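Trainee: Would you mind keeping the following structure in view while I ask a few things?
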Amino acid sequence: MTCAAETIRDLPLAHGSLDRAAHRRREPGLLDALLSDPGTRVLELVGGTVEVVGSDGELSLHQRPPVPADRHRLAVFLGQDEGGPAHVAVVGDPVDEGDPRSWRGLRQVATLLDDRDAGMLATALALTNWHTAHTHCPRCGHPTSPEQAGWVRRCGYDGSEHYPRTDVAVIMSVTDADDRLLLARGAEWPEGRFSVLAGFLEPGESLEAAVAREVREEVGLEVEDVTFLGDQPWPFPTSLMVGFTARAAGSAIELDGDEIAEAFWVTREGLAERIADGRVLVSSRMSISHRLMERWYGQPLPTTGEWRSVRG
Ligand SMILES: [Zn+2]
């Protein structure tokens, strides 16, 4: 595996700058203390959404002082810059219909927040999503409870510790000898929605091997020159997308008949035409999928015909 001279450096969600201050996580009673301190900045998550403030050009996360109810909520310590306030995420109660505040999901605001806020939200979502899905011990089935300021869960029966997981997926722009790009539609996707190929890393597998296996399984092609291009936290619910390019050894596509409904090679002119007339809908610009296509295309993709990414 090689690294491209020009990796994709400005991927949304990938540049959180808050100091995670991991050394504080083991302080006894840290969350109770922080949630009693009016100087703490609380980020409340409700059903995967957060309150945002500002106009669309300059959105930021709304963070508030703690309220008494926070002491009884799932809470995680997000971090603290030197000399700055501590940041804590809490999972709040559902809001009433007609709540005047502006609650938005990460997909809606990822490209509108600055790097710091987008990174903080990605961390808060991935961590709270992990908690929600790991309430019981994988060894014995008894309930687990959060420790270390929300960064560990411990089994109440056998004492085992369980750490947050990240599920790694590879995503790759595959080109042929004529520099055409391979686009594919997942079997469960609507007509017209296309992306580059992607799939989860399997146990005991290297990233490079996962790229080659996924391409072989899904479209029957062998690849070479697998090159790393960039990676992006993707907290839907707890993934990391690792992006590559790869060169196909041939052009003959053989669909797996299961995961992929259709796949084809496209030239740059062909892609522009298909986007313009609606035959191809691409993922939103927040996704690494869009950015891999754009990198091959050589300039921003035509902006019509986006679908909201649901991958992950
Ligand atoms: Zn257990």
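Coordinate-derived values only; no laboratory data. From a predicted model like this one, the values you see are computed outputs, not experimental measurements. Note that we place each Cβ from the backbone using ideal geometry, even for glycine, and neighbour counts take in every protein chain shown.
Trainee: Using modelled backbone amide H atoms (1.01 Å from N, in-plane), which distant-in-sequence or interchain residues come within less than 5 Å of Leu281's amide H?
Mentor: Those lying under 5 Å, H to H, from Leu281 are Arg193, Phe194.
Trainee: Let me ask you something else. Sorting Tyr163, Tyr297 on the 10 Å Cβ count, fewest up front, what's the list? Don't jump to the answer; show the numbers that get you there.
Mentor: Values: Tyr163 10, Tyr297 16.
Ascending number of Cβ neighbours within 10 Å: Tyr163, Tyr297.
Trainee: Select from Val50, Gly92, Ser251 the residue farthest towards the positive end of the dipole of the chain; place +1 on Cβ of Lys and Arg, -1 on Cβ of Asp and Glu, and compute about the Cα centre.
Mentor: The Cα lying farthest towards the positive end belongs to Gly92.
Trainee: Based on alpha-carbon positions alone, could you give the equivalent ellipsoid semi-axes of the chain from the gyration tensor, as √(5λ), descending, whole Å?
Mentor: On the way: eigenvalues 300, 104, 59 Å².
Rounded to whole Å, the semi-axes are 39, 23, 17.
Trainee: Over the alpha-carbon set of region 34-148, work out the extent along each principal axis and list the three values in angstrom, largest first.
Mentor: Sorted from largest, the Cα extents of region 34-148 read 49, 33, 27 Å.
Trainee: Taking the Cα centre of the chain as origin, work out the dipole magnitude from +1 charges on Lys and Arg Cβ and -1 charges on Asp and Glu Cβ, in debye rounded to 20.
Mentor: On the way: 31 positive and 49 negative charges, 164 e Å.
Magnitude of the dipole: close to 780 debye.
Trainee: Using Cβ contacts closer than 10 Å as the measure, can you line up Leu197, Leu271 from fewest to most?
Mentor: Details: Leu197 26, Leu271 22.
Least crowded to most crowded, the residues run Leu271, Leu197.
Trainee: Ordered by residue, what ³J(HN,Hα) values in Hz, to whole numbers, does region 117-128 give under the Karplus form 6.51 cos²θ - 1.76 cosθ + 1.60, where θ = phi - 60° and Gly and Pro are x?
Mentor: 3J(HN,Hα) across region 117-128, in whole Hz: 5, 5, x, 5, 5, 4, 5, 4, 5, 4, 6, 6.
Trainee: Then there's this: Taking a ≥ b ≥ c as the square roots of the eigenvalues of the Cα gyration tensor of region 156-199, is the shape rounded (a/c under 1.5), prolate (a/b larger than b/c) or oblate? Please report the intermediate quantities before stating the final value.
Mentor: Details: a/c = 7.29, a/b = 2.51, b/c = 2.91.
Here region 156-199 falls in the oblate category.
Trainee: Using helices alone, what [θ] at 222 nm do you get for the chain, with -39,500 (n - 2.57) per DSSP H run of 4 or more residues, divided over all residues and rounded to the nearest 500? Write down the numbers at each step before the final one.
Mentor: Working: 6 runs with 60 residues, N = 312.
Taken over the chain, the calculation gives -5500 deg cm²/dmol.
Trainee: Which FRET efficiency value, to the nearest 0.05, do you get for Asp277 and Ser206 by plugging their Cβ-Cβ distance into 1/(1 + (r/R0)^6) with R0 = 51 Å? Don't skip to the end; give the middle numbers.
Mentor: Working: r = 40 Å, r/R0 = 0.79.
According to the calculation, E is roughly 0.80.
Trainee: Additional query: Check which residues have an amide H placed less than 5 Å from Gly79's amide H, if you skip close sequence neighbours.
Mentor: His87
Trainee: Going toward the positive end of the dipole of the chain, with +1 on Lys and Arg Cβ and -1 on Asp and Glu Cβ, which of Leu181, Leu125, Val280 do you reach last?
Mentor: So the residue furthest toward the plus end is Leu125.
Trainee: Count the DSSP beta bridges whose two residues both fall in region 190-312, then state the antiparallel fraction as a percent rounded to the nearest 5.
Mentor: Numbers: 9 of 12 bridges.
The answer is about 75 percent antiparallel.
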